[in-house]
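Take a look at the structure below.
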Amino acid sequence: MRGWMWALFLVPLCACSRPEEETAVRGNVTALVAESYLPLIQREAQEFHQLYPDAIVEVRSTTTREAIVQLLNGVVRCIVVDRPLNKEEVSVAQHAKLNVVDTKIADDALVVLVNRENKLPSVSLNILESYLQEPADWRSISQSKLSGRGELALTGKNSGAYELLTQHFFTFKSDLNPTIVSESQAGVLEFVATHRRALGIVSYSFLRDTTRSELEQLKQAVRILPLHVTDSTGVVTEVKPDQWSIYHHLYPLSHPLFVYTASKKSGLAEGFSSFVAGQTGQKIIQYASLVPHKIPYRVIQITQE
C-alpha cells in the first residue's frame with residue numbers, strides 16, 4: 001500500500017517537468033565557421049562555456065558560402081564568416097523575412113605567399129591582379145630570380161578568400177583558373193611551400209594560428225610578400241600585413257570578420273555573438289594576433305594619498 005501511494009505522488013511531478021527555456025547564456029547552438037577561423041572560435045566557445053556552464057556552443061568548420069546558405073535556410077542560427085552578405089543573399093534574407101543580425105568582431109587580411117626561393121621583395125596590386133588572371137613567367141619579373149611559368153594556389157569558389165579576391169578587391173571578367181584549388185588554406189600553404197614557382201593566397205589569421213604544429217615547418221618554407229601602396233603625395237611604400245597596418249587599413253587587402261545570427265527571438269546565438277564582441281571575446285581575438293573590432297582595455301585605479 002505504501003509503495004502505491006508513492007507512485008501516486010510521483011506521477012504528477014514527472015508530468016509537470018519541462019525542459020528549461022533557452023536564454024542568452026543557457027542552451028545549445030551550432031556555429032558554422034569559415035575554416036581558417038575554427039581554432040579561434042573554438043577558444044571563444046570554450047571560454048563562453050567556462051563562464052556559463054549551461055551554454056554549449058558546438059563549433060563546426062565549413063566554407064563561407066556554405067555557412068551563409070545554411071543560415072539563410074534556417075539550418076543554423078549562428079555563423080562566423082570573412083565577408084559580408086552579397087546582394088543576392090541579402091535579398092533572400094529579406095524575402096524569407098529573416099531577422100539577420102551582423103556583428104563585426106575583428107579585422108583580418110588576405111596575404112600573398114611565395115616560396116622562399118622566390119626573391120621578389122614585394123609586389124604591386126597591378127602585378128598581383130595580372131598574375132591572378134594568368135600566372136606570368138617569372139623571368140618577366142626579374143627580381144624573383146626565377147624562370148618558368150608561375151603557378152597559382154587558391155581555395156575554392158565557395159571560400160571567403162576567393163570571393164573577396166574576385167568581388168571585393170579586384171574585378172575579373174571571368175573565373176580564375178588556378179593551378180591547384182585546395183579545400184583548405186593549409187593545402188594552399190603546402191603547395192606554395194613545395195613548389196618554388198608558386199604563389200598563393202591565404203588569410204593572415206591562418207598564418208598566425210599556432211594550434212597546428214604540423215604546419216610550422218611549411219610556414220618556414222614560404223614568405224609573405226609586402227604590397228605596394230601609393231600615398232596621397234604619390235610616394236610608393238611597401239606595406240606588410242600586421243596588426244598595426246590592418247587596424248589602420250593601411251594594408252590594402254584588409255577585410256572585416258563577422259558573426260551573423262538569425263533567430264525568431266533572442267537566445268544563445270545572440271548571447272554568444274555578444275560575448276565574442278565584448279571585452280573578454282575581444283581579448284581572445286587580440287591574443288590570437290588578430291585585430292579586434294573593439295580594442296580591449298584595462299581599468300587602472302589610481303589612488304592618491
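Values in this text are rule-based calculations from the coordinates and carry no lab data. None of the values given here were measured: they were computed from a predicted structure. Cβ atoms come from the backbone with ideal geometry, glycine included; neighbour counts cover every protein chain shown.
List of remarks:
- Segment 175-305, dipole about Cα centre (Lys/Arg Cβ +1, Asp/Glu Cβ -1), debye to the nearest 20: 160
- Working note: Debye formula, equal point scatterers on the alpha-carbon atoms of segment 43-122, no solvent; log10 I(q)/I(0) at q = 0.12, 0.19, 0.20 Å⁻¹ is -0.54, -0.95, -1.01.
- Subset of Lys173/Lys265; Lys97/Lys157; Lys145/Lys294; Lys97/Lys240 violating a 32 Å alpha-carbon distance limit: Lys173/Lys265; Lys145/Lys294; Lys97/Lys240
- Efficiency of FRET between Asp231 and Ile295 - r from beta-carbon atoms, R0 25 angstrom, step 0.05: 0.50
- Remark: spin-label model distance Glu238-His95 equals 4.9 nm, labels positioned 7 Å along the Cα→Cβ axis.
- Using a cutoff of 8 angstrom between alpha carbon atoms and counting only pairs six or more residues apart, the relative contact order for the chain works out to 27 percent.
- A cut-off under 11 angstrom between Cβ atoms defines the neighbours of His168, and their net charge, with Lys, Arg +1 and Asp, Glu -1, is -1.
- Difference of contour (0.36 nm per residue) and Cα-Cα distance, His249 to Gln279: 8.6 nm
- For segment 113-195: rounded, prolate or oblate by the Cα gyration tensor [a/c cutoff 1.5]: oblate
- Trypsin sites (Lys or Arg not before Pro) within segment 202-259, DSSP loop, no more than 14 other Cβ atoms inside 10 Å: Arg212
- Segment Thr210-Ile127, length gained on full extension (0.36 nm per residue, minus Cα span): 26.8 nm
- Extreme residue, positive dipole direction of segment 108-254, given options Ser205, Pro121, Gly156 (C-beta unit charges): Pro121
- Where the Cα pairs of segment 108-254 fall when distances are cut into 10 Å bins, in %: 11, 43, 38, 8, 0
- A Cα-only calculation for segment 200-305 places Rg and Dmax at 18.5, 60 Å.
- Spherically averaged projected area of the convex hull of Cα atoms, segment 59-176: 9.1 nm².
- Per the Kirkwood formula applied to alpha carbons, the chain shows a radius of gyration over Rh ratio, Rg over Rh, of 1.11.
- Each other residue within a Cβ distance under 13 Å of Gln94 adds +1 if Lys or Arg and -1 if Asp or Glu, for a net charge of 0.
- Principal axis box of segment 194-235, alpha-carbon based, largest edge first, Å: 45, 25, 14
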